[in-house]
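Novice: Let me begin by handing over the structure; questions about it come next.
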Amino acid sequence: MTALGKLFRTTTFKLTLVYLTVFALFAAFLLGYFALNTRRLITEQITDTVNAEITGLSEQYRQGGIRRLVIVVDARARRPGSSLYLVTTFNGESLAGNVTALAPGTLDHEGWRETVYRRLDEAENSGRPEHDALVRVFQLPGGFRLLVGRDLDERERLYNIVLSAGRWSVAMVIVLGLAGGLFVTRRVLRRVDAMTETTKTIMEGDLSGRLPIAGTGDELDRLAQNLNAMLERIEALMQGLKEVSDNIAHDLKTPLTRLRNRAEQALRAAHNETEYRAALDATIEESDGLIRTFNALLMIARAESGQAREDMNEFDAAEIAHDVGELYEPLAEEKGIALKVEADAPAPVKGNRELVSQALANLVDNAIKYSEPKPEAVNGVAPEIVVRALADGDRITLTVADTGPGIPEADRTRAVERFVRLEQSRSQPGSGLGLSLASAVARLHGGELTLEDNHPGLKSVIALPRGGPVQSAG
Amino acid sequence: MAIYSDIHGTRAGGRAADAQPDRVTMRLLIIEDDRDAAEYLVKAFREVGHVADSAADGEDGLAMALDGQYDVLIVDRMLPKRDGLSVIGTLREKGMETPALILSALGQVDDRVKGLRAGGDDYLPKPYSFSELLARVEVLSRRRGSRNDETVLRVGNLALDRLSHQVRRGEEEISLQPREFRLLEYLMQHAGQVVTRTMLLENVWDYHFDPQTNVIDVHISRLRSKIDKGFSQPLLHTIRGAGYMIRDGAR
């Protein structure tokens, strides 16, 4: 596409052309109307003057006969100006006046007509009458004819001036309009081109690019601002995605490496069936762990994408607290931890029972893992985990409070981010994605997971809106 | 018998050694388009004494299921020509009630619900372990004529009364928590069969997620301490690598 072709194809330019045509037509019409009206006005004025003069002159004739008329006409004809006079006998012989070389037959009839003439004092250079005039012929009693008129040069000149002014104006409108249009179009095009350029680099993968903002606050600026905000969001998402895939890669590659190493080791060093069997057992165990991590990742991804919103029903969070508490209580007891459930009042909430159970189970599971008593720990006080369900206004909270080591404040926000495993979780069995999953489930329900200090220990709180997530576009 | 001990790992002198499930030969149809997976399953089922055929697409599978006398169908969800759910749906429309287990790479809860709604009897997400599949298929094959309608379940001298919620071992009355009662009930319904941890979690707790830690083991050991403690003949056996089984070891 040539630069000019591109220019002509822009919306701005097409709009300019439309406006230009409209304005040019309007100007032409206006000036034409003005010119014609001026001409009509002048003609009227001439007619009035000539009529008055004829009345005056016929009065002179009536009072003083042809002699007096000739004298008056002669006097008037000598005055400078554009007035034309002529008195002739009935056969056309000139008695007085300042006109000659009239168009033939001008004097034959009474009335108005336009004619050509030459003034008497003008040299007869080309033989051709040079001036136009509007004249009235008046028949006087006695066969005399009186002609009074006005030169039309002035009128034509004025008319022509207006006409040519009109033509020039229209021409100027077109030229200036085109130039202005091109200028504006190019300006707009330049900005759009700049945007296109930036978009291209962004599409090539550099998400840090931002559209230029001219600072005029016009519609292009607003568009650019919105697009920039969108880019900001996309960049954040991409950054998140990158972190996520890094985390996933780490979470899956580490056990895969162990798996591979183990198989290789067995192949190289095992001597008998027992050793092979042990290696295979370990391999299966490792792959079970992998599957577990993989499932957790899928689950989080699924919760994040909001697919599970479809099957949400009303259920009692207090019941879930009891069920999950009951599921984990023997495990806690076996590890010397007291697990208590405090959920006496029903806490109805709309959501996915299975997912909320899983989220709570993950929190309890974590709490148990990190509360395992060390022989010398906590001044001999038995570690304790409390699972609580509370209806609190228009939301419900499920809380798991333990007396374990907790999570340092600086790590708490990170711990609930998607797919994040804190370093300390890597040494523990399980996918280590429990908090991420609980957080994703909470977000799915339009709620959130927060981690607080339990003095000592960790307090994980899932807060969910009672009515389920606010449905935003599906 | 070889593979069973391979997979489940008989420990010399261990309790598992004498706890063999009561195995009746089953005829199975595996509808699975992945040739390797199908072959592996056919072989593995043969090694534990079952007869297995395989079909590579939905149409073949449907035809074979319609005229073969199978005890259990194992159906992959995504199949060429006709998908797994449609195979099962068509069978059910024609009045074939052969139990069907759906295998699927989609392990999500709603997919499972969809599968069961289409007429499947059980659902197992891939990747699965063979011992899990075997346990589920054996339970399915015996579902008809199972002990669902018996009021009193008995294994050895252990008796569970489903109406009065009483459990006795010999003359001794055993008091159980409600959940322990349901756990024991489920185990006794499937006496002589291997029951996996996932099956227990699904059927006793109605949870379909992975609780990370093996919480079920602790529940089982609690139950075991209540029903087996002080008796010379243990009834509740751990099948290593697979799950649990309740049976009268004296038989």
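Novice: Using a 10 Å cut-off on Cβ to Cβ distances, tally the other chain neighbours for every residue of A:329-335 and report the average as a whole number. Present the calculation step by step, with values, prior to reporting the outcome.
Specialist: Values: counts 6, 12, 8, 2, 2, 5, 2.
Mean shielding by partner chains, rounded to a whole number: 5.
Novice: Return the average number of partner chain Cβ atoms within 10 angstrom of each residue Cβ along peptide A:352-358.
Specialist: On the way: counts 2, 3, 8, 2, 0, 6, 7.
Taking the mean over all residues of the peptide, I get 4.
Novice: Kindly identify the stretch A:187-344 as rounded, prolate or oblate by the Cα gyration tensor criterion: order the square roots of the eigenvalues as a ≥ b ≥ c, call it rounded if a/c is under 1.5, otherwise compare a/b with b/c, prolate if a/b is larger, else oblate. Could you put the intermediate results ahead of the total?
Specialist: Working: a/c = 4.49, a/b = 1.67, b/c = 2.69.
Judged from the Cα gyration tensor, the stretch A:187-344 comes out oblate (a/c at least 1.5, b/c at or above a/b).
Novice: Continuing with the same structure: Which value, in debye to the nearest 20, describes the size of the charge dipole of chain A about its Cα centre when Lys and Arg Cβ atoms bear +1, Asp and Glu Cβ atoms bear -1, and nothing else is charged?
Specialist: Details: 55 positive and 65 negative charges, 727 e Å.
Here the size comes out at about 3480 debye.
Novice: To the nearest 20 debye, what is the magnitude of the charge dipole of the stretch B:148-246 about its Cα centre, counting +1 on the Cβ of each Lys and Arg and -1 on the Cβ of each Asp and Glu? If you can, show how the numbers build up before the last one.
Specialist: Values: 12 positive and 13 negative charges, 59 e Å.
Charge dipole of the stretch B:148-246: 280 debye, to the nearest 20.
Novice: Choose one of A:438, A:71, A:266: the residue whose Cα lies farthest towards the positive end of the charge dipole of the protein assembly as shown (beta-carbon charges +1 Lys, Arg; -1 Asp, Glu; about the Cα centre).
Specialist: Value: A:71.
Novice: Charges only on Cβ, +1 for Lys and Arg, -1 for Asp and Glu: so what's the dipole of the stretch A:11-157 about the Cα centre, in debye to the nearest 20?
Specialist: Working: 18 positive and 18 negative charges, 49 e Å.
It comes to approximately 240 debye.
Novice: Which distance in nm do the two modelled labels at residue A:413 and residue A:18 give, with both placed 7 Å along the Cα-to-Cβ direction?
Specialist: Result for the modelled spin labels: 5.1 nm.
Novice: Also, quick follow-up: Which order do A:399, A:38 fall in if you start with the one that has the fewest other Cβ atoms within 10 Å? Intermediate results must be reported in sequence, preceding the final value.
Specialist: On the way: A:399 22, A:38 16.
Ascending number of Cβ neighbours within 10 Å: A:38, A:399.
Novice: Given the -39500 (n - 2.57) contribution per DSSP H run of 4+ residues, what per-residue ellipticity at 222 nm results for chain A, rounded to the nearest 500 deg cm²/dmol?
Specialist: Details: 9 runs with 265 residues, N = 474.
The helix-only estimate for chain A comes to -20000 deg cm²/dmol at 222 nm.
Novice: Counting partner chain Cβ atoms within 10 Å of every residue's Cβ in A:318-327, what's the average? Please report the intermediate quantities before stating the final value.
Specialist: On the way: counts 0, 0, 0, 0, 0, 4, 4, 0, 5, 10.
Mean number of neighbouring Cβ atoms from other chains: 2.
Novice: With runs of 4+ DSSP H residues as the only contributors, calculate the mean residue ellipticity of chain B at 222 nm using -39,500 (n - 2.57) per run, divided by the residue total and rounded to the nearest 500.
Specialist: Details: 9 runs with 94 residues, N = 251.
Helix-only estimate at 222 nm: -11000 deg cm²/dmol.
Novice: Going by a ≥ b ≥ c, the root eigenvalues of the Cα gyration tensor, does chain A fall in the rounded group (a/c under 1.5), the prolate group (a/b larger than b/c) or the oblate group? Don't skip to the answer; put the middle values down first.
Specialist: Values: a/c = 7.22, a/b = 4.21, b/c = 1.72.
Prolate shape, in that a/c is at least 1.5 and a/b is the bigger ratio.
Novice: State the antiparallel share, in %, of DSSP beta bridges confined to chain B, rounding to the nearest 5. Let's see the in-between values first.
Specialist: Working: 17 of 34 bridges.
In chain B, approximately 50 percent of DSSP beta bridges are antiparallel ones.
Novice: Please work out the FRET efficiency for the pair residue A:71 and residue A:164, using the Cβ-Cβ distance as r and a Förster radius of 51 Å; give the result to the nearest 0.05.
Specialist: 0.75
Novice: State whether chain B is rounded, prolate or oblate according to the following rule on the C-alpha gyration tensor (a ≥ b ≥ c being the square roots of its eigenvalues): a/c under 1.5 gives rounded; otherwise a/b larger than b/c gives prolate, and the remaining case gives oblate. Don't skip to the end; give the middle numbers.
Specialist: Working: a/c = 1.99, a/b = 1.72, b/c = 1.16.
The shape class here is prolate.
Novice: In nm, give the distance between the simple-model label positions of residue B:221 and residue A:192, each being 7 Å from the Cα along the Cα-to-Cβ direction.
Specialist: It is 7.4 nm.
Novice: Which of the chymotrypsin sites (Phe, Trp or Tyr not before Pro) found in the stretch A:83-181 are loop residues per DSSP with 16 or fewer other Cβ atoms within 10 Å of their Cβ? Present the calculation step by step, with values, prior to reporting the outcome.
Specialist: On the way: sites: A:85, A:90, A:112, A:117, A:138, A:144, A:159, A:168; in loops: A:90, A:144.
Passing both the DSSP loop test and the Cβ count: A:90.
Novice: OK, next. Which trypsin sites (Lys or Arg not before Pro) from the stretch A:307-358 combine a DSSP loop assignment with at most 16 other Cβ atoms within 10 Å? Intermediate results must be reported in sequence, preceding the final value.
Specialist: Working: sites: A:309, A:335, A:340, A:350, A:353; in loops: A:335.
Loop-located and lightly packed - A:335.
Novice: Between residue A:340 and residue A:3, what length comes free when the chain is fully extended (0.36 nm per residue of separation minus the Cα-Cα distance, one decimal in nm)?
Specialist: Result: 113.7 nm gained on full extension.
Novice: How high is the relative contact order of the stretch A:52-138, given as a whole-number percent (alpha carbon pairs under 8 Å, six or more residues apart)?
Specialist: On the way: 113 pairs, mean separation 17.2, N = 87.
That works out to 20 percent.
Novice: Only bridges whose two residues both fall in the protein assembly as shown count here: according to DSSP, what percent of them are antiparallel, nearest 5?
Specialist: Details: 66 of 88 bridges.
Here the share of antiparallel DSSP bridges comes out near 75 percent.
Novice: Kindly state, to the nearest 0.05, the FRET efficiency for residue A:395 paired with residue A:230, given R0 = 22 Å and r defined as their beta-carbon distance. Before the final figure, lay out each step's value.
Specialist: Details: r = 31 Å, r/R0 = 1.41.
So the FRET efficiency works out to roughly 0.10.
Novice: Considering the options A:245, A:207, A:284, tell which one lies farthest towards the positive end of the dipole of the stretch A:207-305, charges being +1 on Lys and Arg and -1 on Asp and Glu at the Cβ, about the Cα centre.
Specialist: Among A:245, A:207, A:284, the one farthest towards the positive end of the dipole of the stretch A:207-305 is A:284.
Novice: Among A:161, A:175, A:137, whose Cα sits farthest toward the positive end of the charge dipole of the stretch A:135-215 (+1 at Cβ of Lys/Arg, -1 at Cβ of Asp/Glu, about the Cα centre)?
Specialist: A:137
Each value in this text was obtained by applying a stated rule to the coordinates, not by laboratory testing. The model shown is predicted, which means the values in this text are computed figures rather than measured ones. Virtual Cβ from ideal backbone geometry, glycine too; neighbours counted across all protein chains shown.
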